[in-house]
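Inspection log for the structure reproduced underneath, given as structure tokens.
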Amino acid sequence: MAERLLRGRLLSFRRRPEGPEDAGALDYEADGGLLLRGGRIAAAGDFAAVRSAAPEAEVIDHRPHLILPGFVDPHIHFPQLQVVASWGAELLDWLERYTFPAEAAFADPAHARAMAGPFLDRLVEHGTTTAAVYCSAHAASAEALFQEAARRDMRLVAGKVMMDRNCPEGVRDTAQAAYDDSAALIARWHGRGRLGYAISPRFSVTSSAEQLAAAGALAAEHPGCHRQTHIAENHAEIAAVARLFPEARDYLDTYDRAGLLGPQMLFGHCLHLSAREVARIAESESRAVFCPTSNLFLGSGLFDRQGLQGAGVTTAIATDIGGGTSWSMLDTLAEGYKALALRGERLHPFEAFHWATRGNAEAMGLADRIGRLAPDYEADLVVLDARATPAMRLRMDRAETLAEELFVLQVMGGRDAVAATYVAGRPQDTARG
Ligand code: GUN
Ligand code: ZN
């Protein structure tokens, strides 16, 4: 079996660092070796030791770069790859003016197939190796994405959005059709290779109570599937949900009544939740996903990481392309730093890099497979160069510690810093094109 032995500085996390001094949370190897075999990590440690156990392996020398687990993006929209940078709207208006028309084009399977490769190319060129993806309402969009991800052997979670009201006909389904299409996609794709299905009612503005109940039925029938939706992103959205569901005690309750809460649920945004909603999200072990570039771009609000985590909620951080403005998890961490700074918090780079790798993997229930550089973990990796540009080199000339280097990567790195990405042990083409 083909073996590759990567050489470089290895960095991954055993657990969430509790602060700048918590070096015990890190696994760091200054001259590291990572042996890849059959799509997995066969050995990790000091290069000389790993080398002596695998004298035949092809060596790929990434020194002096850092090798980390590939980034995990737990909230991104496939049919919005042409929506990024749409001007002048807040959430509901942005959906009507830009997003629904772009998503309507995915009714055409040929368009969906043509977009699937470019979508996954953008992920890997930014160092992202796993994502939780919303497709359009058309089964063909999920079908195209799953096919392309299977071809590349990526670990990906995706689902067709369910949306049966308050949207144009070209992106609308029905409660029954959404149930049937989702069930057929689950049967075909969930658990195949490294793929998983996410039951994806878009949000309570565009799903009737009947459709949310259908999503809940799917969740009960397929407890191994993920679930994803949006909540409490924008005040007009929250007011619309209150009008549409007068019987519900609050926004979260519209999902709770349908049986959608639980550790499999990724709640996008979570910006304007009541104390009751936060407590119930914590109690149900549902996840809260912070999408900083989107929240700032659409003027939606500021995520309360400290409040949510303090209440016991597991949080994640994501791009939310195309409400989000960058495909890069490094840029997302940079924007996250700034958004949290407006709440008086300072996101330390150890915590940031944990969040975008193992933390997001934990939020997605995948931390036993991805997010660490250790034997038996899947060989999804990103190689980062903190001296990728002249401006970064100038800054790095005054950086002395690993934490400083990571913060330069976080704030300045973006796509430039991604020197290589590996999916299932195979180097991907990340060349600029
Ligand atoms: N709420 C419902 N749909 C969407 C979407 O596509 N993007 C964002 N940012 N919020 C949403
Ligand atoms: Zn979203």
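Data overview
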read-out	value
Condition met for residue 261 (surrounded by fewer than 24 Cβ atoms within 10 Å (Cβ to Cβ), within 21 Å of the chain's Cα centre (by Cα) and farther than 20 Å from residue 215 by Cα)	no
Enumeration of residues in the stretch 37-48 that are surrounded by 14 or more Cβ atoms within 10 Å (Cβ to Cβ) and either in contact with a Leu (Cβ under 7 Å, 6 or more places away or on another chain) or small (Gly, Ala, Ser) (or both)	39, 41, 42, 43, 44, 45
Residue tally, condition more than 15 Å from residue 90 (Cβ to Cβ) and either of a type in the set (Lys, Arg) or within 16 Å of ligand 2 (Cβ to nearest atom) (or both), over the stretch 294-324	8
Qualifying residues in the stretch 284-296 (those that are among the polar types (S, T, N, Q) and more than 12 Å from ligand 1 (Cβ to nearest atom)) - the one least open to solvent (accessible area, probe 1.4 Å)	286
Test result for residue 363, at pLDDT 95 or above, of a type outside the set (Ser, Thr, Tyr) and open to solvent by less than 10 Å² (accessible area, probe 1.4 Å)	yes
Qualifying positions in the stretch 388-433 - in contact (Cβ under 8 Å) with a residue 12 or more places away in the chain, touching a Lys or Arg at 6+ places or on another chain (Cβ under 7 Å) and either closer than 14 Å to residue 127 by Cα or not aliphatic (A, V, I, L, M) (or both)	423, 425
Any hit, the stretch 190-199, residues being within 14 Å of ligand 2 (Cβ to nearest atom) and hydroxyl-bearing (Ser, Thr, Tyr)	no
Tally of residues being within 16 Å of ligand 2 (Cβ to nearest atom) and in a loop (DSSP other than H, G, I, E, B) across the stretch 200-239	9
Residues of the stretch 108-164 classified as in contact with a Cys (Cβ under 9 Å, 6 or more places away or on another chain) and either at pLDDT below 95 or within 16 Å of ligand 2 (Cβ to nearest atom) (or both), total	9
Condition check for residue 267: within 22 Å of residue 133 (Cβ to Cβ), free of Cβ contacts under 8 Å to residues at least 60 places away in the same chain, open to solvent by 50 Å² or more (accessible area, probe 1.4 Å) and not β-branched (Val, Ile, Thr)	no
Check on residue 259, away from ligand 1 (no atom under 13 Å from the Cβ) and under 27 Å from residue 220 (Cα atoms)	yes
Complete set of residues in the stretch 297-325 that are closer than 17 Å to residue 363 by Cβ, within 16 Å of ligand 1 (Cβ to nearest atom) and of a type in the set (A, V, I, L, M, F, W, C)	303, 316, 317, 318
Hey, residue 89 open to solvent by less than 50 Å² (accessible area, probe 1.4 Å), assigned to a helix (DSSP H, G or I) and under 21 Å from residue 206 (Cβ atoms) or not	no
Meets criteria (within 16 Å of ligand 2 (Cβ to nearest atom) and touching a Leu at 6+ places or on another chain (Cβ under 9 Å)) for residue 66	no
Unique residue being touching an Asp or Glu at 6+ places or on another chain (Cβ under 8 Å) and either within 24 Å of residue 319 (Cβ to Cβ) or within 16 Å of ligand 1 (Cβ to nearest atom) (or both) when the list is 212, 271, 244, 266	271
Positions within the stretch 325-335 being within 16 Å of ligand 2 (Cβ to nearest atom) and either open to solvent by less than 10 Å² (accessible area, probe 1.4 Å) or not in a helix (DSSP H, G or I) (or both), in sequence order	325, 326, 327, 329, 332
Count of the stretch 168-185 residues which are crowded, with 22+ Cβ neighbours inside 10 Å, hydrophobic (A, V, I, L, M, F, W, C) and over 12 Å from residue 199 (Cα atoms)	1
Failed criterion for residue 299 (all others in (1) surrounded by 19 or more Cβ atoms within 10 Å (Cβ to Cβ); (2) in a loop (DSSP other than H, G, I, E, B) hold)	(1)
Residue under evaluation residue 242, criteria (1) touching a Phe, Trp or Tyr at 6+ places or on another chain (Cβ under 8 Å); (2) open to solvent by 10 Å² or more (accessible area, probe 1.4 Å); (3) away from ligand 2 (no atom under 14 Å from the Cβ); (4) closer than 23 Å to residue 76 by Cβ, criterion not met	(4)
Count of residues meeting criterion [of a type in the set (A, V, I, L, M), farther than 28 Å from residue 406 by Cβ and open to solvent by 10 Å² or more (accessible area, probe 1.4 Å)] in the stretch 60-84	1
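The values are calculated or read from the model by the stated rules, or taken from the named source; none is laboratory data. This one's a predicted model, so the numbers in the text were calculated from it and none came from an experiment. Ideal geometry is used to build each Cβ from the backbone, glycine not excepted, and the neighbour counts take in all protein chains shown. Areas reflect the complete protein model, heavy atoms only, side chains present, ligands, DNA and RNA absent. Shrake-Rupley method; radii C 1.70, N 1.55, O 1.52, S 1.80 Å.
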